[in-house]
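Take a look at the structure set out below.
The values are calculated or read from the model by the stated rules, or taken from the named source; none is laboratory data. Keep in mind it's a predicted model, so treat the numbers as computed, not measured. Cβ placement follows ideal geometry from the backbone for every residue including glycine, while neighbour counts extend to all protein chains displayed.
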Amino acid sequence: MENDKYLWPLTKKISNGITNYVDKNGKTLLIGVGNCTVLESLVKKLEPSAKIDVIDSNKYLLEIAKEKYGERCTYIEGDFLTNRFPSLCENVVSSLPHKEFVL
């Protein structure tokens, strides 16, 4: 998209805003990996020992995230609405695909 160069700084600001209030030591569930900006912000803000679970129904996007962040996260392919999660999380993070709403 031609406007991506203008949207990238906005996307980074939104991602940082979304992750400002997470418990830095808590287990985090990220719903939808998207273009990894929220995940990147989480990885930077959370303690290295904090667990991050990422769920997305798009296998390709999960593979890209795994290439970038490797064993730092647990990657779950599936639908958030139909998956059962074995343990509770201190943080649940998600975002709308805000890029699609910017004109």
Quick check on my filter: what residues within segment 29-50 are in contact with a helix residue (DSSP H, G or I) (Cβ under 8 Å, 6 or more places away or on another chain) and hydroxyl-bearing (Ser, Thr, Tyr)? Thr37, Ser41
Does Pro97 satisfy being loosely packed, with under 11 Cβ neighbours inside 10 Å, under 22 Å from Lys12 (Cα atoms), at pLDDT below 90 and not aromatic (Phe, Trp, Tyr)? yes
When the residues of segment 1-22 are narrowed to those that are under 24 Å from Lys66 (Cβ atoms) and among the charged types (D, E, K, R), which ends up modelled with the lowest pLDDT? Asp4
Mind checking which pairs have a first residue in segment 61-83 that is under 17 Å from Leu42 (Cβ atoms) and without any contact (Cβ under 8 Å) to a residue 40 or more places away in the chain and a second that is of a type in the set (Phe, Trp, Tyr) and surrounded by 13 or more Cβ atoms within 10 Å (Cβ to Cβ), Cβ under 8 Å, 6 or more apart or different chains? Leu62/Tyr75; Ala65/Tyr75; Lys66/Tyr75
List the pairs whose first member sits in segment 31-57 and is in contact (Cβ under 8 Å) with a residue 24 or more places away in the chain, whose second member is among the hydroxyl-bearing types (Ser, Thr, Tyr) and assigned to a loop (DSSP other than H, G, I, E, B), and whose Cβ atoms are under 7 Å apart, counting only residues at least 6 apart or on separate chains? Val38/Thr19; Val38/Ser95; Ser41/Thr19; Leu42/Thr19; Lys45/Thr19
So, of the residues in segment 51-72 that are in contact with a helix residue (DSSP H, G or I) (Cβ under 9 Å, 6 or more places away or on another chain), of a type outside the set (Asp, Glu) and closer than 14 Å to Val92 by Cα, which turns out to be surrounded by the most Cβ atoms within 10 Å (Cβ to Cβ)? Val54
